[in-house]
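Q: What follows is a single structure, and I will ask about it in a moment.
The values are calculated or read from the model by the stated rules, or taken from the named source; none is laboratory data. This one's a predicted model, so the numbers in the text were calculated from it and none came from an experiment. Ideal geometry is used to build each Cβ from the backbone, glycine not excepted, and the neighbour counts take in all protein chains shown. Keep in mind that these areas ignore ligands, DNA and RNA; they rest on the heavy atoms of the full protein, side chains included. Shrake-Rupley method; radii C 1.70, N 1.55, O 1.52, S 1.80 Å.
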Amino acid sequence: MSYTIPPSLDAVDPLVRRLDAELRDHLDPEVLFRAMLSVTEVLTNIVQHCQPRTPGAVIEVRLARNEAGATITVFEPEGAAPFDPRQAAGDPAGAEALAENGRGIGLIQACTDHIDYGAVAGRHRLCLRFEPRDAAAHAAPEADQNRP
Amino acid sequence: MIHSTKYENDFMVVRPGAERLTAVNAKIFKDETIALIEGGATRLIVDFAGTTFLDSSGLGALTGVLKRIGHRGDLVVCGLSADLQQMFRICRMDRVFSIYPDEQSALRALAEES
């Protein structure tokens, strides 16, 4: 499944809503929110910072679902400067609790189960993979050590 | 964009007025809420009951409002959905903001502190 949007903030939310609808029955609610948050941050970052040099360049988003979860692949606009979020320092909790900016990259890193970045056929693309179940939410409870 | 209701003891409940608070509208939310502060509001309750999604821009706007109030008053939040609670936990904002289940419990808590 493939979607394209112009590099415009107004186009981000409608696309994220469509992805949400496609994944709602495929991912646990906690994972779904993390996935939508990650892709929102990625798309917003591209719109605000990537500065494509090619007029009319679009952002392409591909969605794939399987038993292992979901993969959202974002192709940066043609001519955009590459940006690998894995190489950026990121902790959404941050050193400054009242920071008004700078949490986006950290959120992508914190919310995504697996991140890949690289060039494919001359286009930079970011792969965000999400497992269908939230590991923390489904972790087995530790044995009660006080139980006789 | 925002909706506000003034209560006794100068409490002001602010509702973002948007289902999704993201980069496209976060600045408007921040500017309009700060306008209330500049108009004299010092005890704010931001009720997120009608907001289902919040990204880093929306959270940044909220912290911007908190910084503007500073030591002059209070800003607490209420009505966080499970998704927004998760967002606050990831960003450790549950350590920055006092969080209440709903508007009434927030009003009661702030009244007891007065």
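So that you can scan it fast, the table gives a plain yes or no per residue for (1) over 21 Å from residue A:104 (Cβ atoms); (2) in a strand (DSSP E or B); (3) within 10 Å of chain A (Cβ to nearest Cβ):
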site: B:37; (1), (2), (3): yes, no, no
site: B:51; (1), (2), (3): no, no, no
site: B:63; (1), (2), (3): no, no, yes
site: B:67; (1), (2), (3): no, no, yes
site: B:71; (1), (2), (3): yes, no, no
site: B:88; (1), (2), (3): no, no, no
site: B:104; (1), (2), (3): yes, no, no
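Q: Then there's this: Just checking, which of B:55, B:47 is at pLDDT 95 or above, in contact with an Asp or Glu (Cβ under 8 Å, 6 or more places away or on another chain) and within 9 Å of another protein chain (Cβ to nearest Cβ)? Write out each step before concluding.
A: Working: B:47 fails: within 9 Å of another protein chain (Cβ to nearest Cβ).
Only one candidate qualifies: B:55.
Q: As an exercise: evaluate residue A:81 against (1) within 13 Å of chain B (Cβ to nearest Cβ); (2) over 23 Å from residue A:133 (Cβ atoms); (3) of a type in the set (A, V, I, L, M, F, W, C) and give the number of the one condition it does not meet.
A: Here residue A:81 meets the rest and fails (1).
Q: Still on this structure, please answer the following. Out of A:99, A:11, report the one residue that is within 10 Å of chain B (Cβ to nearest Cβ), hydrophobic (A, V, I, L, M, F, W, C) and under 21 Å from residue B:84 (Cβ atoms).
A: None of the other options fit; the residue is A:99.
Q: Hey, could you check the range B:5-24 for residues that are away from every other protein chain (no Cβ under 14 Å) and part of a loop (DSSP other than H, G, I, E, B) and say which is surrounded by the most Cβ atoms within 10 Å (Cβ to Cβ)?
A: Out of the qualifying residues, it is B:16.
Q: Moving on. How many of the residues in the range A:35-52 are open to solvent by 20 Å² or more (accessible area, probe 1.4 Å) and outside any loop (DSSP other than H, G, I, E, B)? Spell out how you get there, then give the answer.
A: First, pick out the residues of the range A:35-52 that are open to solvent by 20 Å² or more (accessible area, probe 1.4 Å): A:45, A:47-49, A:51-52.
Adding the requirement that they be outside any loop (DSSP other than H, G, I, E, B) leaves A:45, A:47-49.
Total satisfying the criteria: 4.
Q: Checking residue B:97 against (1) over 27 Å from residue A:43 (Cα atoms); (2) away from chain A (no Cβ under 14 Å): exactly one of these is not met. Which one?
A: Exception for residue B:97: condition (2).
Q: Answer yes or no: is there a residue in the range A:75-91 that is within 17 Å of residue B:60 (Cβ to Cβ), more than 13 Å from the chain's Cα centre (by Cα) and either part of a helix (DSSP H, G or I) or not hydrophobic (A, V, I, L, M, F, W, C) (or both).
A: Scanning the range A:75-91, I find at least one residue that is within 17 Å of residue B:60 (Cβ to Cβ), more than 13 Å from the chain's Cα centre (by Cα) and either part of a helix (DSSP H, G or I) or not hydrophobic (A, V, I, L, M, F, W, C) (or both), so the answer is yes.
Q: Shifting gears a bit: Could you figure out which of (1) under 30 Å from residue A:15 (Cβ atoms); (2) under 12 Å from the mean Cα position of the chain (by Cα) isn't true of residue B:76?
A: Checking residue B:76 against (1) under 30 Å from residue A:15 (Cβ atoms); (2) under 12 Å from the mean Cα position of the chain (by Cα), the one that fails is (1).
Q: Select from the range A:14-34 the residues that are more than 10 Å from chain B (Cβ to nearest Cβ) and assigned to a helix (DSSP H, G or I) and write down the one among them that is nearest to residue B:26 (Cα to Cα).
A: Top of the filtered list is A:14.
Q: Of all residues in the range B:73-86, how many are of a type outside the set (Gly, Ala, Ser) and more than 14 Å from chain A (Cβ to nearest Cβ)?
A: 4
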